[in-house]
1. Within the range 141-150, identify whether any single residue is among the hydroxyl-bearing types (Ser, Thr, Tyr), in contact with a Ser or Thr (Cβ under 6 Å, 6 or more places away or on another chain), more than 17 Å from Ala77 (Cβ to Cβ) and surrounded by fewer than 21 Cβ atoms within 10 Å (Cβ to Cβ), and answer yes or no.
2. What are the residues in the range 230-243 that are under 14 Å from Leu263 (Cα atoms) and loosely packed, with under 15 Cβ neighbours inside 10 Å, if any?
3. Go through the range 241-251 residue by residue and tally those that are of a type in the set (S, T, N, Q) and in contact (Cβ under 8 Å) with a residue 24 or more places away in the chain.
4. Mind listing whichever residues of the range 134-184 are small (Gly, Ala, Ser) and under 26 Å from the mean Cα position of the chain (by Cα)?
5. Which residues, taken from the range 345-366, are closer than 27 Å to Ser386 by Cα and buried (at least 19 other Cβ atoms within 10 Å of the Cβ)?
6. Quick one: what pairs do we get from the range 452-465, first residue more than 15 Å from Phe414 (Cβ to Cβ), second modelled with pLDDT of 90 or more and of a type in the set (Ser, Thr, Tyr), C-beta under 7 Å, 6+ apart or different chains?
7. Quick one: which residue in Gly187, Gly227, Gly208, Gly183 is farther than 29 Å from Phe326 by Cα and buried (at least 21 other Cβ atoms within 10 Å of the Cβ)?
8. Out of (1) free of Cβ contacts under 8 Å to residues at least 24 places away in the same chain; (2) loosely packed, with under 15 Cβ neighbours inside 10 Å; (3) of a type in the set (D, E, K, R), what's the single condition that is false for Arg158?
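The values are calculated or read from the model by the stated rules, or taken from the named source; none is laboratory data. This is a predicted model, so every value here is computed, not measured. Please note: Cβ atoms are built from the backbone with ideal geometry, for glycine as well, and neighbour counts cover all protein chains shown.
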Amino acid sequence: MHPPTLRGLAALALTAPSLALQGARDLFVCDTDGDKIWACSDGDGDGDFDGANEVTPFYDELLGPFPLSVNAGLLRAPDGALFVTDSTEDFVLRLVDLDGNGDAHGANEATLWFDGRVGGNAAGILLVSARGMWRDPDGVLWVASANTGAGGNDAIVRLEDLNGDGDANDLLEAREYFVVAPGAAIGASIPTAVLRGRDGALYYAENGTGASPARGVYRLEDLDNSGTIDQPNEVTPFFLAPPQSGTAFHWDLSRDDTGALYLTDTGNDLIWRIDDTNTNGVIDAGEETLFWTSPGASNVWDLDVAPDGALYLVEDQTPDRLLRLFDTDGNGVIDPLNEVSVLYDDTLAAVDLGSPRAIAVVKGAPRIGVSYCGPAAPNTTGQGASLTATGSTHAAANDVVLAAQDLPANQFGFFLTSLTTGFVANPGGSQGDLCLGGTIGRYVRAGQIQNAGSLGTIALTLDLSLTPAGSAFVSIQAGETWHFQAWYRDIGPGGAPWSNFTDGLSIGFN
């Protein structure tokens, strides 16, 4: 028997505030103080990264083969590799966790993908003060780089590993695609970010201290197919932001799946959303929106857009924070009170990120929901089975996947759901606890009762429009919180069939 003192109280302790920050997606952050790359994962499902072991070092210069100084650019490739630019070391690192231990400190896990120092590559390209990156599907990497007293050009650099040797340091693998102002004084141009638009053109963020080029976003299109931007009409102003109270500094430029661009302004603590809806190659009046204006000092630097349209951004401020912005009501503007989630606060977290400067979101499905009523009662594997979910808490997205793991091998099970939590210890004499109450629905239609197989797992993609509620089916609506659990067959004393349950999972939908 399992008394309800802990699991039962946990089931009843769920409140709306505890569910308010769901949907935190795994991500990586550059730490320019500690010279590290941190991996952030919401291990306890409470929607933030402030818990123990939720922020762990993915790369630390004291443990890896390459130093970091100002690791200011970060990009995650589809194969899981991280590309890192360092604006003082003047190189691009490639980091990959080959042994699956959660870091890139092992043999061949950190490699010098491009060496932009003098003599570092056969093409003779200097990558001085490198920052933002974009990667095309064919593997071509674009880097925004600015000149310094040490040399180099203000340029957008094209890098490609043509011979497949794991770097872009060979002849013909690197070139300056666009040099902004050859021979200009240091600071006349400061490229900080680059990306490819849905129209196929490249766009870059400019922060020069002079009048030409003015600060803003510029569009690059190789009209004569020469392989470089070498004609006056191949570079055109795309968006020059209206003047604000402070001096603009556009550190980052990101794109969502609709093609809209998001431009940070560190100088004014705001983010622009720009969308060339009439496709004329320039942002006209009405095509720009002040998407987010910080209610206080923010010092917002880098941002990344998740597949669901949420923006994840870093604040190098007191305190250092990671934020998630999501336009819940679809009005095109972020409400700072109701549409901003604080995912990390260095005054609350177990680990201090230290002057975060760049962020890269893991684009795979995020874990969602808050676990309760656990740990579950042990089964014949010696441990309790657990329930997780991935997808979006946005009800209209309808992409939630439930998964139960650590079940006994080759036993069958199915999922349960209810709008109400509850607690019944050992129902029907079974091992385990039922943590749902009220009207309980069972996912037992064709294909929904599953065998755990040799891995001891079952998973189900939910159709939120056909959610079982007793003998009926209902559609999950925004504003509702649903609770889930999995029942499965276990082996009882003497080898007799027995029932068991996972822990519970609550998902608040918006």
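1. The answer is yes, given that some residue of the range 141-150 is among the hydroxyl-bearing types (Ser, Thr, Tyr), in contact with a Ser or Thr (Cβ under 6 Å, 6 or more places away or on another chain), more than 17 Å from Ala77 (Cβ to Cβ) and surrounded by fewer than 21 Cβ atoms within 10 Å (Cβ to Cβ).
2. Pro242
3. The qualifying residues number 1.
4. Here is the first cut: in the range 134-184, the ones small (Gly, Ala, Ser) are 139, 144-146, 149-152, 155, 164, 166, 168, 174, 181, 183-184.
Correct list: Gly139, Ala144, Ser145, Gly166.
5. Passing the criteria: Ala349, Val351, Val361, Pro366.
6. Leu464/Ser475; Ser465/Ser475
7. Of Gly187, Gly227, Gly208, Gly183, the one residue that is farther than 29 Å from Phe326 by Cα and buried (at least 21 other Cβ atoms within 10 Å of the Cβ) is Gly208.
8. For Arg158, the failing item is (2).
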